[in-house]
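Working notes, beginning with the structure itself.
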Amino acid sequence: MRSGSVEALPRPHALGAASWRRAWESFWGVLRHDRFAFVGICIYGLFILVALAAPLIAPYDPQQTIMKGDELMANQPPGPPFPLGTTNVGRDIFSQLAFGTRPAFTVGFSAAFFVALIGTVAGIVAGFYGGWADAVLMRLADVAFGIPFLPFVIVLVAFLGPSLWNIVLTMALLLWKDTARVVRAQVLSLRERGFVESARVLGASPARLMLVHIAPNVLPIALLYGSLAIGWAILTEAAVSFLGFGDPARISWGYMLNDAYISQALSTGAYNWFVPPGICIMLVVMAGYFISRGYEELLFPRLRRQ
Amino acid sequence: MPRSSTRWFAQRLAQMLLVLWVIATILFLIFRLMPGNPLVAYIDTTFTTEQKQALIHSFGLDLPLWQQYLIFLRESAAGNLGRSFSFHAPVAQLVWETLPNTLVLMLSAVVVAFLLGTVTGAFLAWKRGTVVESIGIPLVLAVRSAPEFWVGMILLAVFSFSLRWFPSFGTVSPGAQYASLWQRLTSPDFLHHLTLPLITLVLYLQGLPLLLMRSNMLDVMEEEFVVMARMKGLPERRILLAHAARNALLPVVTAFALVIGYSIGGNVVIENVFSWPGLGRLLVRAVAAKDYPLAQGAFLLIAAMSIVMNLLADVAYTWLDPRVSYAKR
């Protein structure tokens with residue numbers, strides 16, 4: 001009799017609750033069916049391959065000043081030994097470009113991961129518990145909103161020391177707020193829904209409610225904000241490096257642009273030096289837009305017919 | 001209504017000051033907790049220990065932290081931002097001198113970006129499903145994805161160094177003298193210098209209003225009053241401008257605050273590419289030179305600028321859309 005009445009309750013899935021597996025399936029669905037998202041993933045795949053195989057692809061050490069006998073191979077035009085020419089101190093531009101994919105993706109993925117993680121946790125906690133937890137977190141978000149992003153990154157990186165991880169840290173400190181806001185709004189409505197209510201009645205702990213019943217439902221939106229953050233992070237790292245506050249130990253695309261700028265490559269017309277890094281940044285950021293566009297269609301189906 | 005609007009404004013003002021105070025406090029802590037002596041840029045190797053002590057004392061750096069903090073708050077509120085280590089001049093004077101350059105570049109770019117973005121966005125919505133759209137949209141996304149300083153570098157290399165159409169640095173030609181600030185800002189020489197940084201910033205900012213306007217237009221075009229206008233047999237252009245565009249415009253205005261946020265970051269890098277003597281360039285130079293009072297002052301003014309502009313955007317929005325009541329916001 002008792003078990004019968006429990007069975008009579010609608011199963012959580014029937015009420016539209018997502019499980020972790022379902023969230024993953026819809027993630028793949030978008031990639032498979034959206035043309036733009038597919039192109040985006042292909043661009044990512046290509047660059048990640050280059051990042052992994054950089055030592056095989058790059059003909060030289062990116063920091064090496066190349067000599068030919070006694071002569072420094074500086075300012076060489078693009079041609080057989082140097083696919084994109086050399087810098088003013090004889091470094092191979094193509095090798096720098098290939099190795100530059102590594103910091104770009106390290107920063108992009110780790111910053112996106114932390115932004116999505118902190119934002120989701122803060123959003124779920126604020127939305128689920130409400131009260132003072134909500135008030136404190138949202139006031140923090142207000143302050144984070146008032147702080148000008150790039151100037152703050154510059155000041156903080158100068159304070160903490162120029163390293164890739166400090167750039168990631170400052171981005172996580174400031175960018176979590178957007179994800180947190182939307183996740184919180186989503187949680188506020190989920191909290192009142194039937195499947196959460198029935199799980200609560202069945203005696204699920206708050207941790208279980210948040211982790212098993214709420215988190216999978218906010219996963220798509222967290223992924224959307226995460227994929228947008230990849231592009232932001234790569235652009236920010238490039239800007240910070242361009243301004244001269246980058247990690248001096250690593251050659252990134254922003255570092256290359258900074259190097260070209262201060263070495264007068266603009267006035268000597270060394271387009272082969274400063275055009276390629278910008279194109280790489282543009283392609284990666286654009287791929288991020290393409291992927292997130294696919295998610296927007298998943299999240300806001302109204303857009304799909306347009 | 002006027003009463004609630006005054007109250008709303010007072011509340012927003014109080015919130016604004018609170019955020020500014022929190023930012024100032026964070027900044028104070030960052031700079032005081034910096035490793036090493038903050039006077040390292042100031043102190044010469046030839047200084048004796050007594051001279052160093054006297055200097056540290058004159059900057060109040062031997063006081064307990066909380067006393068330094070109170071002094072900092074009092075002086076900042078009074079508009080006294082200290083003395084720059086590297087320029088050997090009052091910080092307040094340095095930041096006020098560069099502020100107009102930043103404001104002119106930023107505001108003109110935001111206005112042009114919004115005009116251009118909304119018009120192009122409406123145009124692309126109108127051209128939906130045509131070749132124009134399938135070339136236009138990826139192009140817009142590409143421009144939006146390009147790092148703004150790189151776009152600036154290319155413009156600089158092409159139009160300044162190769163073609164020599166535009167100057168490559170500064171706001172006016174070296175040695176030029178003007179009787180007043182207004183005369184300088186309206187001189188042809190200044191506008192000539194402004195062109196390339198302005199184009200760069202506009203290209204960076206136009207993506208958001210453009211894409212928003214386009215998607216709003218597509219939404220509005222399907223609403224009943226547009227269908228009604230079509231049924232009345234009004235010409236397509238009239239429907240587009242008088243009916244659809246007007247209604248699609250309002251949500252674009254809400255993006256104003258967001259665009260202001262972008263433009264502040266964009267300004268910092270673009271000013272550095274074009275050696276434009278603004279607040280962003282001052283901040284970068286100060287941080288690079290470890291000139292803490294100047295970095296602090298420039299940052300505070302940038303933050304204040306962004307907060308004030310956000311407030312103005314809010315006021316403009318409530319004024320534009322009577323449906324939004326002060327009390328609710």
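The values are calculated or read from the model by the stated rules, or taken from the named source; none is laboratory data. Just so we're clear, the structure is a prediction, and the values are computed from it rather than from any experiment. Every residue, glycine among them, receives a Cβ derived from its backbone with ideal geometry; neighbour counts consider all protein chains shown. Note: areas computed on protein heavy atoms with side chains; ligands, DNA, RNA excluded. Shrake-Rupley method; radii C 1.70, N 1.55, O 1.52, S 1.80 Å.
What are the residues in the stretch B:57-77 that are assigned to a loop (DSSP other than H, G, I, E, B) and either open to solvent by 80 Å² or more (accessible area, probe 1.4 Å) or among the polar types (S, T, N, Q) (or both), if any? Across the stretch B:57-77, the qualifying residue is only B:62.
There is at least one residue in the stretch A:108-119 that is touching a helix residue (DSSP H, G or I) at 6+ places or on another chain (Cβ under 9 Å) and within 14 Å of chain B (Cβ to nearest Cβ).
Note on the stretch B:234-266: residues that are closer than 24 Å to residue B:152 by Cβ and open to solvent by 50 Å² or more (accessible area, probe 1.4 Å) total 3.
Within the stretch B:27-46, track down each residue that is open to solvent by less than 60 Å² (accessible area, probe 1.4 Å) and either modelled with pLDDT of 65 or more or polar (S, T, N, Q) (or both). Matches in the stretch B:27-46: B:27, B:28, B:30, B:31, B:34. Of the residues making up the stretch B:297-311, none is more than 30 Å from residue B:80 (Cβ to Cβ) and either open to solvent by 30 Å² or more (accessible area, probe 1.4 Å) or part of a helix (DSSP H, G or I) (or both).
The residues on offer are B:195, B:186, and the sole one that is within 20 Å of the chain's Cα centre (by Cα) and hydroxyl-bearing (Ser, Thr, Tyr) is B:195.
So that you can scan it fast, the table gives a plain yes or no per residue for (1) open to solvent by 60 Å² or more (accessible area, probe 1.4 Å); (2) under 20 Å from residue A:293 (Cβ atoms); (3) acidic (Asp, Glu); (4) at pLDDT below 80:
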{"position": "A:170", "(1), (2), (3), (4)": "no, no, no, no"}
{"position": "A:175", "(1), (2), (3), (4)": "no, yes, no, no"}
{"position": "A:182", "(1), (2), (3), (4)": "no, yes, no, no"}
{"position": "A:198", "(1), (2), (3), (4)": "no, no, no, yes"}
{"position": "A:206", "(1), (2), (3), (4)": "yes, no, no, yes"}
{"position": "A:210", "(1), (2), (3), (4)": "no, no, no, yes"}
{"position": "A:230", "(1), (2), (3), (4)": "no, yes, no, no"}
{"position": "A:235", "(1), (2), (3), (4)": "no, yes, no, no"}
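In the stretch A:146-165, how many are aromatic (Phe, Trp, Tyr) and more than 8 Å from chain B (Cβ to nearest Cβ)?
First, the residues of the stretch A:146-165 that are aromatic (Phe, Trp, Tyr): A:149, A:152, A:159, A:165.
Filter once more, keeping what is more than 8 Å from chain B (Cβ to nearest Cβ): A:165.
Qualifying residue count for the region: 1.
Tell me which helices (runs of 4 or more DSSP H) are completely within the stretch A:90-172 and hold 2 or more residues being more than 28 Å from residue B:18 (Cβ to Cβ), or say none if there are none. So the answer is A:93-129. Can you confirm whether residue B:142 is surrounded by 16 or more Cβ atoms within 10 Å (Cβ to Cβ), within 11 Å of another protein chain (Cβ to nearest Cβ), in a helix (DSSP H, G or I) and at pLDDT below 85? Criteria not met by residue B:142.
Taking the stretch B:158-175 on its own, how many of its residues are more than 20 Å from residue B:102 (Cβ to Cβ), touching a Phe, Trp or Tyr at 6+ places or on another chain (Cβ under 7 Å) and crowded, with 16+ Cβ neighbours inside 10 Å? Residues in the stretch B:158-175 being more than 20 Å from residue B:102 (Cβ to Cβ), touching a Phe, Trp or Tyr at 6+ places or on another chain (Cβ under 7 Å) and crowded, with 16+ Cβ neighbours inside 10 Å: 2 in total. Each residue in the stretch B:267-287 was checked for being more than 7 Å from chain A (Cβ to nearest Cβ) and either open to solvent by less than 10 Å² (accessible area, probe 1.4 Å) or not polar (S, T, N, Q) (or both), and 14 of them qualify. For the stretch A:146-157, the tally of residues that are under 19 Å from residue B:14 (Cβ atoms) and touching a residue at least 40 places away in the same chain (Cβ under 8 Å) stands at 0. The sole residue among A:126, A:141 that is over 18 Å from residue A:47 (Cα atoms), within 14 Å of another protein chain (Cβ to nearest Cβ) and either of a type in the set (A, V, I, L, M) or open to solvent by 10 Å² or more (accessible area, probe 1.4 Å) (or both) is A:141. On inspection, residue A:235 does not qualify as more than 30 Å from residue A:91 (Cβ to Cβ) and either part of a helix (DSSP H, G or I) or under 18 Å from the mean Cα position of the chain (by Cα) (or both). Looking at B:186, B:200, just one residue is open to solvent by 40 Å² or more (accessible area, probe 1.4 Å) and of a type in the set (Val, Ile, Thr), and that residue is B:186.
Which one of these is among the hydrophobic types (A, V, I, L, M, F, W, C), buried (at least 17 other Cβ atoms within 10 Å of the Cβ), modelled with pLDDT of 70 or more and under 21 Å from the mean Cα position of the chain (by Cα): A:51, A:58?
Residue meeting the stated conditions: A:51.
So which of B:195, B:200 is modelled with pLDDT of 80 or more, touching a helix residue (DSSP H, G or I) at 6+ places or on another chain (Cβ under 6 Å) and in the same structural domain as residue B:313 (by the TED database)? Before the answer, list the steps.
Details: B:195 fails: touching a helix residue (DSSP H, G or I) at 6+ places or on another chain (Cβ under 6 Å).
That would be B:200, the only listed residue that is modelled with pLDDT of 80 or more, touching a helix residue (DSSP H, G or I) at 6+ places or on another chain (Cβ under 6 Å) and in the same structural domain as residue B:313 (by the TED database).
Answer yes or no as to whether residue A:143 is in contact (Cβ under 8 Å) with a residue 60 or more places away in the chain and within 29 Å of residue B:300 (Cβ to Cβ). No.
Whether any residue in the stretch A:243-260 is among the β-branched types (Val, Ile, Thr), without any contact (Cβ under 8 Å) to a residue 24 or more places away in the chain and either assigned to a loop (DSSP other than H, G, I, E, B) or surrounded by fewer than 22 Cβ atoms within 10 Å (Cβ to Cβ) (or both) is what I want to check. Even if it seems obvious, please write down each step before you answer.
Initial filter on the stretch A:243-260 (among the β-branched types (Val, Ile, Thr)): A:251.
Of the ones still in play, those that are also without any contact (Cβ under 8 Å) to a residue 24 or more places away in the chain are none.
No.
Hydrophobic (A, V, I, L, M, F, W, C) and at pLDDT 80 or above, is that true of residue B:24?
On the way: hydrophobic (A, V, I, L, M, F, W, C): yes; at pLDDT 80 or above: yes.
So residue B:24 fits the description; yes.
Once the stretch B:94-131 is narrowed to residues that are surrounded by 14 or more Cβ atoms within 10 Å (Cβ to Cβ) and polar (S, T, N, Q), the residue that is nearest to residue B:75 (Cα to Cα) is B:98. Among the residues of the stretch B:146-193, just one is hydroxyl-bearing (Ser, Thr, Tyr), assigned to a loop (DSSP other than H, G, I, E, B) and within 11 Å of chain A (Cβ to nearest Cβ), namely B:168.
Has the stretch B:247-264 got any residue that is away from chain A (no Cβ under 11 Å), at pLDDT 85 or above, in a helix (DSSP H, G or I) and at negative phi? No, that holds for no residue.
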